[in-house]
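Okay, structure first, notes after.
The values are calculated or read from the model by the stated rules, or taken from the named source; none is laboratory data. As the structure is a computational prediction, the values presented were derived from the model and not from experiment. Note that each Cβ is placed from the backbone with ideal geometry, even for glycine, and that neighbours are counted across all protein chains shown.
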Amino acid sequence: MGRSLDILLFIVCLAIITPTLNANKLESSEYWKEQRPEFDSYWQEKAEIAKQDNHAAYFPDPYAVSGNFTASISEIITLKSSRRNLKGGKGEKCLATNPVDRCWRCDPNWAKNRQKLADCVQGFGRNTRGGKGGPIYVVTDPSDNELLDPKPGTLRHAVTRNGPLWIIFARSMLITLQQELIMTSNKTIDGRGVDVYIANGAGFTIQFVKNIIIHGIKIYNIQVRQGGMIIDSESHFGLRTRSDGDGISIFGSNNIWIDHVSMRNCTDGLIDAIMGSTAITISNSHFTDHNEVMLFGASDSYPEDKIMQITLAFNHFGKRLVQRMPRARFGFIHCVNNDYTHWEMYAIGGSMNPTIISEGNRFIGPENKFIGKDQINAKQITKREYADAKHWSSWQWRSINDEFLNGAFFVNSGPELKNRPFSRKDMIKAKPGSYVGRLTRYSGILVCRVGQPC
């Protein structure tokens, strides 16, 4: 009885010291009842089109995609790439340390050739092109006062235009969104060269669209907003219920790339991907100060998330994080060469038989906590939820060349990958977790100066 009481007290204390420690709203049936009025005929039509696009973006052989990605990592580290010169123009040193960054950061003319970035994505989101081919749109005004007729030059005006756009910023700015920012397809938000902060207001909504790149911005202190009439394209606006407080919410969408963002302290999740979203890569980003970091799949009763395929690569999961890096249902998650330096409960979790391949990550276990005489140990990386060992023992959760420090350990399940039906070439192993410090050295937003390698 005394031990149980101590553990209960520990949980209560943790809830008090962690402001964002609450259940993800997307997992509650009440949330979905509240959302239904939003799906009028306009959104129902978009949902049907998005569903077809999501299935088209699905890779029938996900092991080949993840294997080819890890092959390119090995190639770049061992300097077998034809572009192994580590210098940019005029002798400047290029600080890119992984294959995604090496694609663009060594070019001193990156500011004149911004759309080259769209050729650099790898992993499951590798076909994402964002606003490539469209004109440059320069955001000049940080305000967000008009939700139905946004002022030209604002971010809301930019993301609701109908065609492809490559969105950049005239200067450094803090943007406080009054309501969720609903994006149309074929957009790139490119914060390179300035400091762009999305903070103290609503977050991004990527709903029933495709081809979205979000790069080089900082997102923090995202809050719930009450909703209302909000524009979502040049030709449509509608009534929205209250937003859930996610930093980036991906809903029924495909071909999404989130790269070099820094995120912390959102009311709900930092990044959520649900409702059949797929073909997503999240890379080179830095996450701190949050409870439930990433939710991939919100409902045990939505098997459409079986097509969900997400790559997490070269990210740093840093200080004051609690859990869900990520927490997945149904889909295929490839976690490759990420740095997990902090968690308080667990790092990787899931239910409903997701496939999780953890490859070449570094996991540093948390220090033990003491409540009275009882020791609280959270060194296990993995957590299977709502299933006993008899069921989850067949789930495909495998650790390959990970590095475990300070007592961290990964509980494997399912058959070894060598028995899977794919060629050896497709699953060339990534570099071990001992290389992660180098690969993730520049995670988060970058300081990029025009005329120099970034």
### Query
Considering only segment 173-206, how many residues are touching a helix residue (DSSP H, G or I) at 6+ places or on another chain (Cβ under 8 Å) and part of a strand (DSSP E or B)?
7
### Message
Just to check your reading of the model, which residue among Glu367, Glu359, Glu403 is touching a residue at least 40 places away in the same chain (Cβ under 8 Å), surrounded by fewer than 20 Cβ atoms within 10 Å (Cβ to Cβ) and among the acidic types (Asp, Glu)?
### Response
Glu403
### Query
Looking at this structure, is Arg225 under 15 Å from Glu180 (Cα atoms) and among the basic types (Lys, Arg)?
yes
### Query
Can you name every residue in segment 249-271 that is within 15 Å of Gly444 (Cα to Cα) and of a type in the set (A, V, I, L, M)?
Ile258, Val261, Met263, Leu270, Ile271
### Query
Assuming Asp268 fulfils every condition listed in (1) part of a strand (DSSP E or B); (2) crowded, with 24+ Cβ neighbours inside 10 Å apart from one, which condition is it?
(1)
### Unmet requirement for Tyr346, which otherwise passes all of (1) part of a loop (DSSP other than H, G, I, E, B); (2) closer than 26 Å to Lys306 by Cβ; (3) more than 20 Å from the chain's Cα centre (by Cα)
(3)
### Condition check for Asn353: surrounded by 24 or more Cβ atoms within 10 Å (Cβ to Cβ), more than 28 Å from Ala118 (Cα to Cα) and touching a residue at least 40 places away in the same chain (Cβ under 8 Å)
no
### Task
Return the residue satisfying two criteria in turn: it lies in segment 161-189 and is among the charged types (D, E, K, R) and free of Cβ contacts under 8 Å to residues at least 60 places away in the same chain, and of such residues it is nearest to Phe237 (Cα to Cα).
Lys187
### Task
Pairs only if they're at least six apart or on different chains, beta carbon under 7 angstrom, first in segment 218-233 and over 19 Å from Ser172 (Cβ atoms), second modelled with pLDDT of 95 or more and part of a strand (DSSP E or B); list them, first residue then second.
Ile222/Cys266; Ile230/Ile182; Asp232/Ile182
### Task
Give segment 125-160 a look and list any residue that's more than 14 Å from Glu234 (Cα to Cα), in contact (Cβ under 8 Å) with a residue 40 or more places away in the chain and of a type outside the set (Gly, Ala, Ser), or say none.
Arg126, Asn127, Thr128, Arg129, Lys132, Asp144
### Task
Could you pull out the residue among Ser235, Ser185 that is surrounded by fewer than 20 Cβ atoms within 10 Å (Cβ to Cβ) and within 17 Å of Ala158 (Cβ to Cβ)?
Ser235
### Query
Mind checking which residues of segment 105-117 are assigned to a loop (DSSP other than H, G, I, E, B) and in contact with an Asp or Glu (Cβ under 8 Å, 6 or more places away or on another chain)?
Pro108, Asn113
### Message
Checking the conditions here, which among Glu48, Glu75 is of a type outside the set (Val, Ile, Thr), part of a helix (DSSP H, G or I) and modelled with pLDDT under 80?
### Response
Glu75
### Query
Among the residues of segment 91-147 satisfying the criterion of being on the phi > 0 side of the Ramachandran plot and touching a Ser or Thr at 6+ places or on another chain (Cβ under 9 Å), which is surrounded by the most Cβ atoms within 10 Å (Cβ to Cβ)?
Gly130
### Query
Quick check, is Trp104 at pLDDT 95 or above, of a type in the set (A, V, I, L, M, F, W, C), closer than 24 Å to Lys431 by Cβ and in contact with a Cys (Cβ under 6 Å, 6 or more places away or on another chain)?
yes
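To keep it simple, each residue is scored yes or no on (1) at pLDDT below 95; (2) closer than 18 Å to Ile445 by Cα; (3) of a type in the set (Ser, Thr, Tyr).
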position: Ser277; (1), (2), (3): no, no, yes
position: Ser285; (1), (2), (3): no, yes, yes
position: Asp300; (1), (2), (3): yes, no, no
position: Lys373; (1), (2), (3): yes, no, no
### Message
Tell me the residue from Thr241, Thr184 that is over 26 Å from Pro99 (Cβ atoms) and either of a type in the set (D, E, K, R) or modelled with pLDDT under 95 (or both), please.
### Response
Thr241
### Query
If Asp289 passes every condition in (1) more than 19 Å from Gln396 (Cα to Cα); (2) in contact with a Cys (Cβ under 8 Å, 6 or more places away or on another chain); (3) not polar (S, T, N, Q) but one, which one does it miss?
(2)
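Taking into account only those residues within segment 190-223 that are over 13 Å from Leu270 (Cα atoms) and among the β-branched types (Val, Ile, Thr), which is surrounded by the fewest Cβ atoms within 10 Å (Cβ to Cβ)? First the steps, then the outcome.
The initial filter retains those residues of segment 190-223 that are over 13 Å from Leu270 (Cα atoms), namely 190-197, 200-201, 206-217.
Restricting the remaining residues to those that are among the β-branched types (Val, Ile, Thr) gives 194, 196, 206, 209, 212-214, 217.
Working: Val194: 16, Val196: 24, Ile206: 27, Val209: 26, Ile212: 29, Ile213: 29, Ile214: 27, Ile217: 23.
For segment 190-223, the residue satisfying everything is Val194.
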### Query
What is the residue count in segment 294-322 for residues that are out of contact with any helix residue (DSSP H, G or I) (no Cβ under 8 Å at 6 or more places or on another chain), in contact (Cβ under 8 Å) with a residue 60 or more places away in the chain and assigned to a strand (DSSP E or B)?
1
